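Each remark here refers to the structure printed beneath this line.
Only the coordinates and a few stated rules stand behind these numbers; no lab work does. These numbers come from a predicted model, not from an experiment. Glycine also receives a Cβ, built like all others from the backbone with ideal geometry; neighbour counts cover every protein chain displayed.
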Amino acid sequence: MKKYISLSVLFLVISSFSFSQTRAERKQAKKERIEAEYVSTKELINSGKFQFEARWANPLGNDVANVGQNIPGGGAIFQGGRVDVSSNDNFVNIDGTKADLFLSYFGRVFFPKRINNQGGIQYKGDITNYRIKINDNKQVITIKFEAKTENDYLKFSYRINSGGSATLTVSSTNRQTISYNGDIKILNADAKSK
């Protein structure tokens, strides 16, 4: 009987030791995966050629989402103060000092005559004041740039996490500020364009 108890205790000690090793190995593997994703994202951003695809729009005022939820079928699109834009083309393509973008807009327009009922934020052309800030300790990359159209001045600010998920905030002289959640991806030759 003592022999079986001793073997049982020995088995439990060995199995718990191997379990803790497996757990430590899983933790190390996860850390290495996150580090590799961060390095890959950083290389993509430093290349100066990338695409942001928006999945959610976050209007500044909740009044937009509240109104949207009350229209037929709006509950599927307007969820908790944000708008699902994944079924539409919502993108920002950056290629060096040029941008091509279309982002659906939900919010207040201060000067409607200046934007000519575009239905969203549209721009194709040169960007200025392009700045990248990389925080390796927090594994966060921030990018800021500006674009000027004939009647609008747009400011863009990205906060990019290690895996490439990003938040883009857009400020405009003619519209209320809005932010978008999405992903940073490789800019390919077939990139969307409006």
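Quick rundown of the values:
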{"quantity": "Estimated FRET transfer efficiency when R0 is 22 angstrom, pair Lys124-Asn188 (beta carbons, to 0.05)", "calculated": "0.80"}
{"quantity": "Long-range HN-HN contacts of Trp56 with modeled amide H, under 5 Å", "calculated": "Val85, Asn181"}
{"quantity": "Sites Lys138 and Phe111 - FRET efficiency at Förster radius 41 Å, r taken between beta-carbons, to 0.05", "calculated": "0.60"}
{"quantity": "Whole-Hz couplings from phi, Karplus 6.51/-1.76/1.60, listed for segment 154-164; x for Gly and Pro", "calculated": "10, 10, 10, 9, 9, 10, 10, 8, 4, x, x"}
{"quantity": "Cα-Cα over 30 Å, subset of Lys31/Lys133; Lys27/Lys98; Lys49/Lys138; Lys148/Lys185; Lys42/Lys98; Lys31/Lys124", "calculated": "Lys27/Lys98; Lys31/Lys124"}
{"quantity": "Theoretical FRET efficiency, 1/(1+(r/R0)^6), r = Cβ-Cβ of Asp89 and Arg33, R0 35 Å, to 0.05", "calculated": "0.70"}
